[in-house]
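Undergrad: The structure's right below; bear with me while I get my questions together.
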Amino acid sequence: MATLFKNIKELIQVRREPVTFVSGKDMNNLPTIKNAFLVVVNGFIADFGSMDNCPEENFSKIVDAKDKMVLPAWCDSHTHIVYAGNREGEFVDRIKGMTYTDIANKGGGILNSAKKLQETSEDDLYNQSKVRLEEIMTLGTGAVEIKSGYGLTEDSELKILRVIKRLKKNYSICIKSTFLGAHAIPNEYKNNKKGYLEVLINDIMPKIAKEQLAEYIDVFCETGYFSVSDTELLLKHAKKFGWIPKIHVNQFTAMGGVQAGVKYNALSVDHLEVMRDEDIEVLKNTSTMPVALPGCSYFLSIPYTPARKMIDAGLPLALATDYNPGSAPSGNMNFVVATACVKMNMTPEEAINAATINGAYAMGLENKLGTITKGKWANLIITKPINSYDFIPYSFGNSVIESVYIKGVEIKNN
Ligand code: NIG
Ligand code: FE
């Protein structure tokens with residue numbers, strides 16, 4: 001099965017030599033080919049180049065992309081899309097003056113979602129979650145990481161991770177799964193956090209490992225949730241199972257979470273709305289990808305990750321949605337890319353690199369996705385007719401996508 005995309009106005013994020021991730025000044029470099037062709041064979045990128053060299057063999061499908069651009073599908077490395085119900089009531093409470101922390105302290109927030117999820121059957125949870133997965137695919141996402149963390153009991157955490165496993169089996173989009181049992185302290189352990197940590201370490205983690213339900217471990221390292229030493233304890237135990245850390249740090253408080261991530265070779269440290277100079281410094285020359293979640297900053301009206309300062313200091317940066325019912329109820333990577341440009345002063349080149357190759361790296365998928373490179377999966381966005389790739393973030397809130405291909409197959413908009 002060979003498909004030819006021809007007359008592509010501009011083929012974006014072309015890398016003939018494989019790249020792991022891009023950082024600092026290199027983030028502003030987005031290689032492209034104007035008036036290009038792209039050949040996809042059996043779901044993989046087989047060839048590409050200038051139309052001057054377009055092959056003429058028999059293709060089973062030819063797509064004329066005249067006036068349109070082609071780029072790698074978005075790589076969303078941080079979501080919580082397996083959740084039950086929504087929290088629009090809390091959204092209205094915030095509009096009326098309550099803070100995110102006030103709501104959490106009153107038993108709302110993550111505990112509210114956990115209660116709903118505990119009462120939801122696995123089938124119902126699957127059906128609610130697949131709607132979100134299908135939605136993000138039509139919005140151009142070709143790889144996604146999904147976290148547990150709205151269960152907070154053995155049964156419910158396993159329920160979420162089994163739903164993720166089912167999604168992986170039934171959908172062609174690349175999915176990575178992360179165990180986030182340390183997302184909040186359940187009410188029963190309100191005055192006994194140590195007890196909850198013991199349950200996580202001695203009961204829940206071994207069961208998840210036995211069923212091979214997680215690739216990564218996450219912890220909400222934050223005041224009122226889990227401390228740096230709680231985080232290090234969990235990461236230490238996770239090592240036994242080969243789970244790589246991808247952790248929530250510096251959302252509201254800079255308290256050493258970034259340092260803990262680097263110390264435990266985290267694949268990514270995510271949120272980073274509050275960054276001290278020392279937090280930027282410790283990330284330099286490491287393999288840990290900083291991940292910004294501008295949809296969360298937008299929705300909660302909290303500071304944006306200081307992308308300019310971080311990139312200017314030579315760091316890489318990835319962008320993700322954080323799609324979840326409390327702090328970012330949107331999985332729209334197009335909005336995230338636009339918001340990164342509008343609110344974080346990232347250039348379109350930096351934002352597109354952050355949402356493709358750097359996002360792929362933050363899921364361990366840099367060899368499979370995130371660039372137009374021979375041998376990678378053909379997860380592609382075909383834009384509507386547009387003048388330049390700058391139009392993608394410029395046209396915020398509008399859809400610039402005409403079609404999406406996952407492993408070479410067009411996703412149908414139902
Ligand atoms: O990444 N910060 C921690 N967890 C989620 C939000 C949790 C919620 O409010 O449901 C986040 O923002
Ligand atoms: Fe999150």
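Values in this text are rule-based calculations from the coordinates and carry no lab data. Remember, predicted model here, so these are calculated numbers, not experimental data. As a convention, Cβ positions derive from the backbone with ideal geometry for all residues, glycine included, and neighbour counts pool all protein chains shown.
Undergrad: It is to be established whether one or more residues within the stretch 351-364 are more than 15 Å from the chain's Cα centre (by Cα) and assigned to a loop (DSSP other than H, G, I, E, B). Walk me through how you get there before you give the answer.
TA: Applying the first criterion (more than 15 Å from the chain's Cα centre (by Cα)) to the stretch 351-364 yields none.
Scanning the stretch 351-364, I find no residue that is more than 15 Å from the chain's Cα centre (by Cα) and assigned to a loop (DSSP other than H, G, I, E, B), so the answer is no.
Undergrad: In addition: For residues that are within 14 Å of ligand 2 (Cβ to nearest atom) and crowded, with 19+ Cβ neighbours inside 10 Å, tally how many sit in the stretch 301-324.
TA: Initial filter on the stretch 301-324 (within 14 Å of ligand 2 (Cβ to nearest atom)): 302, 305, 318-324.
Cutting the leftovers down to crowded, with 19+ Cβ neighbours inside 10 Å gives us 305, 318-324.
The qualifying residues number 8.
Undergrad: How many residues, within the stretch 276-300, are crowded, with 16+ Cβ neighbours inside 10 Å and more than 17 Å from N358 (Cβ to Cβ)?
TA: Total meeting the criteria: 7.
Undergrad: While we're on this one: Would you check which residues across the stretch 207-227 are away from ligand 1 (no atom under 16 Å from the Cβ) and surrounded by 13 or more Cβ atoms within 10 Å (Cβ to Cβ) and list them?
TA: Taking the stretch 207-227 and keeping what is away from ligand 1 (no atom under 16 Å from the Cβ), we get 207-215.
Hits for the stretch 207-227 are K207, I208, A209, L213, A214, E215.
Undergrad: Please work out which residue is nearest to the chain's Cα centre (by Cα), limiting yourself to the stretch 287-325 and to residues that are without any contact (Cβ under 8 Å) to a residue 40 or more places away in the chain and more than 14 Å from ligand 1 (Cβ to nearest atom).
TA: Among them, the one singled out is P290.
Undergrad: Taking the stretch 318-355, which residues are touching a strand residue (DSSP E or B) at 6+ places or on another chain (Cβ under 9 Å) and aromatic (F, W, Y)?
TA: Y323
Undergrad: Within the set of pairs 6 or more residues apart or between chains, which connect a residue that is touching a residue at least 60 places away in the same chain (Cβ under 8 Å) inside the stretch 218-234 to a residue that is more than 10 Å from ligand 1 (Cβ to nearest atom) and of a type in the set (D, E, K, R) with Cβ atoms less than 6 Å apart?
TA: Between residues of the stretch 218-234 that are touching a residue at least 60 places away in the same chain (Cβ under 8 Å) and residues that are more than 10 Å from ligand 1 (Cβ to nearest atom) and of a type in the set (D, E, K, R), the close pairs are D218/K246.
Undergrad: So, one more: In the stretch 371-388, which residue that is surrounded by fewer than 20 Cβ atoms within 10 Å (Cβ to Cβ) and small (G, A, S) is farthest from L38 (Cα to Cα)?
TA: Only one residue tops the list, namely S388.
Undergrad: For the stretch 74-132, which positions are part of a helix (DSSP H, G or I) and of a type in the set (G, A, S)? Steps first, answer last, please.
TA: Here is the first cut: in the stretch 74-132, the ones part of a helix (DSSP H, G or I) are 88-95, 100-105, 110-118, 122-132.
G89, A104, S113, A114, S129 - these are the residues of the stretch 74-132 that are part of a helix (DSSP H, G or I) and of a type in the set (G, A, S).
Undergrad: Right, here's the next one. Is there a residue being without any contact (Cβ under 8 Å) to a residue 12 or more places away in the chain and part of a loop (DSSP other than H, G, I, E, B) anywhere in the stretch 210-217?
TA: Start the filter on the stretch 210-217 by keeping residues that are without any contact (Cβ under 8 Å) to a residue 12 or more places away in the chain, which leaves 210, 212.
If we keep only those that are part of a loop (DSSP other than H, G, I, E, B) as well, we get 212.
Yes, that holds for at least one residue.
Undergrad: Let me ask you something else. Residue check: is A340 among the small types (G, A, S) and more than 16 Å from ligand 1 (Cβ to nearest atom)? Before the answer, list the steps.
TA: On the way: among the small types (G, A, S): yes; more than 16 Å from ligand 1 (Cβ to nearest atom): yes.
It is true that A340 is among the small types (G, A, S) and more than 16 Å from ligand 1 (Cβ to nearest atom).
Undergrad: Quick one: would you say V92 is surrounded by fewer than 17 Cβ atoms within 10 Å (Cβ to Cβ), within 25 Å of T321 (Cβ to Cβ) and among the hydrophobic types (A, V, I, L, M, F, W, C)?
TA: Values: surrounded by fewer than 17 Cβ atoms within 10 Å (Cβ to Cβ): yes; within 25 Å of T321 (Cβ to Cβ): yes; among the hydrophobic types (A, V, I, L, M, F, W, C): yes.
Criteria met by V92.
Undergrad: Another one. Could you tell me which of the residues V39, V70, V131, V92 is β-branched (V, I, T) and in contact (Cβ under 8 Å) with a residue 60 or more places away in the chain? Quick ask: steps written out before the conclusion?
TA: On the way: V39 fails: in contact (Cβ under 8 Å) with a residue 60 or more places away in the chain; V131 fails: in contact (Cβ under 8 Å) with a residue 60 or more places away in the chain; V92 fails: in contact (Cβ under 8 Å) with a residue 60 or more places away in the chain.
When all the criteria are applied, what remains is V70.
Undergrad: Of the numbered conditions (1) crowded, with 17+ Cβ neighbours inside 10 Å; (2) farther than 16 Å from S227 by Cα; (3) not aromatic (F, W, Y), V249 satisfies every one except a single condition; which is it?
TA: Just one mismatch for V249, condition (2).
Undergrad: I've got another one for you. Name the single residue that is farthest from D102 (Cα to Cα) among those in the stretch 249-270 being in contact (Cβ under 8 Å) with a residue 40 or more places away in the chain and assigned to a strand (DSSP E or B).
TA: S268
Undergrad: Tell me whether the stretch 171-178 contains one or more residues that are surrounded by 13 or more Cβ atoms within 10 Å (Cβ to Cβ) and basic (K, R). Full working, then the answer.
TA: Applying the first criterion (surrounded by 13 or more Cβ atoms within 10 Å (Cβ to Cβ)) to the stretch 171-178 yields 171-178.
Subsequent filtering for residues that are basic (K, R) retains 176.
Within the stretch 171-178 (the criterion being surrounded by 13 or more Cβ atoms within 10 Å (Cβ to Cβ) and basic (K, R)), the answer is yes, since at least one residue qualifies.
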